[in-house]
Amino acid sequence: MANATAIDLNSTVVASKQQTSSEISGEVVILDLQRGVYHGLNQTGARIWQMIQKSCKVASIRDTLLREYHVDALQCEQHLLALLEELASKGLLEVRPAAVG
């Protein structure tokens with residue numbers, strides 16, 4: 001199930017309820033309950049997954065990653081948006097666009 005909503009720093013994201021996940025040795029394994037497919041995230045992806053268990057602004061996730069990891073801000077933002085887009089395209093993430101007005 002592809003998500004038609006583009007993700008940017010003002011978007012709010014939350015893990016889909018159609019999955020279950022478990023941390024294993026600092027990484028995360030996610031089971032897509034609708035398709036029966038497993039997905040894996042490395043340590044940084046696991047940290048992002050942890051943050052999106054509750055509704056969270058993408059900018060807040062980026063800011064947390066910049067505080068916790070030694071990474072270039074632009075590279076962090078690009079990789080974060082790419083991961084979130086991938087998770088959304090697999091139906092593992094719900095995206096709420098920024099409020100207008």
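Every number here is computed from the coordinates shown, using simple stated rules; none is lab data. Every value quoted in this text rests on a predicted model; they were computed, and no experiment measured them. As a convention, Cβ positions derive from the backbone with ideal geometry for all residues, glycine included, and neighbour counts pool all protein chains shown.
With surrounded by 14 or more Cβ atoms within 10 Å (Cβ to Cβ) and without any contact (Cβ under 8 Å) to a residue 12 or more places away in the chain as the only criterion, which of Leu84, Leu66 stands out? Steps first, please.
Values: Leu84 fails: without any contact (Cβ under 8 Å) to a residue 12 or more places away in the chain.
Only one candidate passes the filter, namely Leu66.
Quick check on Gln50: is it without any contact (Cβ under 8 Å) to a residue 60 or more places away in the chain, among the polar types (S, T, N, Q) and under 24 Å from Ser22 (Cβ atoms)?
On the way: without any contact (Cβ under 8 Å) to a residue 60 or more places away in the chain: yes; among the polar types (S, T, N, Q): yes; under 24 Å from Ser22 (Cβ atoms): yes.
Yes, satisfied.
Could you list, in sequence order, the residues of the stretch 30-53 that are touching a strand residue (DSSP E or B) at 6+ places or on another chain (Cβ under 7 Å), of a type outside the set (S, T, N, Q) and exposed (fewer than 15 other Cβ atoms within 10 Å of the Cβ)? Lay out the reasoning, then the answer.
Step one: list which residues in the stretch 30-53 are touching a strand residue (DSSP E or B) at 6+ places or on another chain (Cβ under 7 Å), which gives 30-33, 38-43, 45-46, 49, 52-53.
Next cut, of a type outside the set (S, T, N, Q) only: 30-33, 38-41, 45-46, 49, 52.
Answer for the stretch 30-53, where residues must be touching a strand residue (DSSP E or B) at 6+ places or on another chain (Cβ under 7 Å), of a type outside the set (S, T, N, Q) and exposed (fewer than 15 other Cβ atoms within 10 Å of the Cβ): Leu33, Tyr38, Gly40.
Pro97 passes all but one of (1) surrounded by fewer than 17 Cβ atoms within 10 Å (Cβ to Cβ); (2) touching a residue at least 40 places away in the same chain (Cβ under 8 Å); (3) out of contact with any Ser or Thr (no Cβ under 7 Å at 6 or more places or on another chain); which number fails?
It is condition (3) that Pro97 fails.
Could you check the stretch 1-27 and list, in sequence order, the residues that are within 12 Å of the chain's Cα centre (by Cα), surrounded by 16 or more Cβ atoms within 10 Å (Cβ to Cβ) and not small (Gly, Ala, Ser)?
Within the stretch 1-27, Ile7, Thr12, Val13 meet the criteria.
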